[in-house]
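Comments concern the structure below.
We did not get these values from a lab; they are worked out from the coordinates using the rules stated. Keep in mind that what you see is a predicted model, and the values were worked out from it rather than measured. Cβ placement follows ideal geometry from the backbone for every residue including glycine, while neighbour counts extend to all protein chains displayed.
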Amino acid sequence: DDTDEIPADFIESLLRTCERLGADMVASSVEEAGAGPTPAEYRLMRVVDIFPVGTLLRRSFLEKAGLFDYAFDRGARADADVAMRGYLAGALMVLDPAIRVAHWRAPRGGLRVHGARVITTASSRVRLSHRDVPSATELYLVMRHFTARQLREMKWQRVVGTMTGRGKWGWRLLKVLVSTAYLPNTLWQFRENQRRARQMLSEFPRIPMLIGH
C-alpha cells in the first residue's frame with residue numbers, strides 16, 4: 001500500500017530461496033524509510049510467523065490457509081491474519097534478509113485513503129501527538145488468535161511504548177508528559193476499538209478458500 005522499491009532480480013531471488021529451502025512462504029527484508037539501520041539480529045535468515053510487503057507464497061499455502069478474511073475489508077493487518085493461519089496450518093515460513101525492499105511510506109494513497117495506518121509505531125516515536133493505538137481490525141486479529149492475557153499485555157506494551165520518544169532527553173521527557181496528558185483519551189480509544197473488535201467477532205471470520213487443482 002506504499003511506494004516500494006525492489007531490486008531487478010527480486011522475484012528470482014524469492015524463488016531461489018523458496019526452492020532451496022522447500023519453504024511455503026519467503027519474505028524479504030523491508031528497510032523502512034527513516035527507521036535507521038537494521039539491528040544485527042534481524043539480518044539473519046530465520047523462520048517467521050508473519051510476512052511483510054514483498055512476499056512469495058506457494059499456491060499450496062493459500063489452499064491450506066485460505067484467502068483474506070472479509071472482516072478486514074479496508075482495515076490493517078489482513079496480511080498478518082493470513083500469515084497466522086498459514087503458521088497454524090504448519091507452513092514453513094522464512095525471511096531472507098539478503099532480499100531487500102525499500103519501503104518509502106508514501107504520505108498518501110493505499111490504506112491511508114480509508115484511514116488505516118495513518119499513525120504507525122515509528123511515527124508515534126517521533127511526533128508528540130501521535131499515539132500507537134491498535135485499530136479495531138488489529139484487535140480483532142489478536143482476539144481471534146491469542147489469549148486474553150496476551151491481549152492485555154499487548155495493550156500495556158502499546159500504551160507504554162507510545163510514551164517512548166526518540167531524540168534528546170528533553171524531547172523524550174516532553175513526549176512522556178504529553179502522552180500522560182493524553183492517557184485518558186488513549187485508553188478510551190483502546191476500549192472503543194476493542195468494542196468494535198468484539199462486534200466483528202460476532203460477524204466474522206468469513207474466509208474464502210482457494211480451490212486447488
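Quick notes on this structure:
- GNM remark for the chain: springs join alpha carbons under 10 Å apart, and the peak mean-square fluctuation among Ile11, Ile99, Ile50 falls on Ile11.
- The angle between the Cα long axis of helix 10-21 and the longest principal axis of the Cα atoms of the chain comes to about 70 degrees, rounded to the nearest 10.
- The charge dipole of the range 119-205, taken about its Cα centre with unit charges on the Cβ atoms of Lys, Arg (+1), Asp and Glu (-1) only, comes to about 280 debye.
- The calculated 222 nm mean residue ellipticity attributable to helices in the chain amounts to -14500 deg cm²/dmol, summing -39500 (n - 2.57) over DSSP H runs of n ≥ 4 and dividing by all residues.
- Identified option (computed Kirkwood radius over Cα pairs in Å; candidates (1) 20.7; (2) 18.9; (3) 17.9): (2)
- Bridge type composition, the range 1-107 - antiparallel percent by DSSP, nearest 5: 45 percent
- Dmax and Rg, reported as Rg then Dmax, of the range 119-205 (C-alpha, Å): 14.1, 47
- Both numbers refer to the Cα atoms of the range 1-107; Rg and Dmax are 13.9, 38 Å.
- Bridge type composition, the chain - antiparallel percent by DSSP, nearest 5: 45 percent
- Phi to ³J(HN,Hα) by Karplus 6.51 cos²θ - 1.76 cosθ + 1.60 over the range 143-159, Hz, x for Gly, Pro: 5, 6, 10, 10, 7, 4, 5, 5, 4, 5, 4, 4, 4, 6, 4, 6, 5
- Between Ala8, Gly66, His130, the Cα set farthest toward the positive side of the dipole of the chain (charges on each charged residue's Cβ, about the Cα centre) is that of His130.
- Amide hydrogen neighbours beyond the local backbone of Leu210, cut-off 5 Å, H modeled: Gly66, Leu67
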